[in-house]
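Peer 1: Pasting a structure here, questions to come.
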Amino acid sequence: MKQNRCIPCRCGVRVFAILLVLLSLPVLLRAQDIPIPPPPTQWVTDTAGFLSTEDAGRINARLRAYEEQTHHQLIVWIGPTTGDDSIEDWGNRAFEQWKVGRKGIDDGLVLFIMPKDRRLRIEVGYGLEDKVPDLLANRRDNCFRWRGGLHRKHENVAPTLAAVLIQR
């Protein structure tokens, strides 16, 4: 003989299913975040195809020479997007995780470029704040937000920034 479930049991199953979906919603939404990649192994990392191989190589050589001369570590990381995260939050987390600059001196700088988001961010270690204070870095962030987005011709930002540091 077929047993009919009582109405309270069916409601309990529905409530449980709704609660399960609601509790898993933050996990599903968090899946939209772009994870922080492992620390770069060179001075220029372009996962978005923003620079030509030649341009990336030329900038890489200039930043390597700058680091050899000054011991300050400047790197450029180009990715397509930060997902749902702001570039400020994503860049700060990446900078902290990568530990850019010399240990104990914290004299690193990362230029993050996200062409799909049309954003860029400069993160500066405490050891370079006398040369590139946050105020200057934030002002540069605003100066480089072009109406049409970022373009390949702006690849000179990293070497120009290094030149400014060299002259100080």
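Peer 1: Quick one: which residues, 5+ away or cross-chain, put their amide H under 5 Å from the amide H of R119? H built at 1.01 Å from N.
Peer 2: Under 5 Å from the amide H of R119: M114.
Peer 1: Straight-line reach from K131: which aspartates and glutamates have Cα under 20 Å away, leaving out those fewer than 8 places along the same chain?
Peer 2: Of all the aspartates and glutamates, those that pass the test against K131 - Cα under 20 Å, at least 8 places apart if same chain - are E67, E68, E96, D106, D107, E123, D141.
Peer 1: Given H placed on each backbone N at 1.01 Å, which residues far from V76 in sequence or on other chains put an amide H within less than 5 Å of it?
Peer 2: Close amide H contacts, sequence-distant or interchain: V44, T45, L111.
Peer 1: Further, regarding this structure: Through the Karplus equation 6.51 cos²θ - 1.76 cosθ + 1.60, θ set to phi - 60°, convert the phi angles of region 72-86 into ³J(HN,Hα) values in whole Hz; use x for Gly and Pro.
Peer 2: Per residue, the Karplus-derived 3J(HN,Hα) values read 7, 9, 10, 10, 10, 10, 10, x, x, 7, 9, x, 7, 6, 6 Hz.
Peer 1: For E88 and T53 in the same chain, what is the full-extension length gain: residue separation times 0.36 nm, less their Cα-Cα distance, in nm?
Peer 2: 9.9 nm
Peer 1: Between I36 and E68, how many nm apart are label points set 7 Å from Cα along the C-beta direction?
Peer 2: Here the answer is 3.0 nm between the modelled labels.
Peer 1: Along the Cα→Cβ direction, 7 angstrom out, place labels at Y126 and Q97. What is the inter-label distance in nm?
Peer 2: Distance between the two pseudo-spin positions: 2.2 nm.
Peer 1: What list of ³J(HN,Hα) values in whole Hz, one per residue of region 112-124 in order, does the Karplus curve 6.51 cos²θ - 1.76 cosθ + 1.60 (θ = phi - 60°) give from phi, with Gly and Pro shown as x?
Peer 2: Once θ is set to phi - 60°, the couplings for region 112-124 become 9, 10, 10, x, 5, 7, 6, 9, 9, 8, 10, 9, 10 Hz.
Rule-based calculations on the coordinates, nothing more; no lab input. Quick caveat, the model's predicted, so the values are computed rather than measured. Cβ coordinates were reconstructed from backbone atoms using ideal geometry, including for glycine residues, and neighbour counts include every protein chain displayed.
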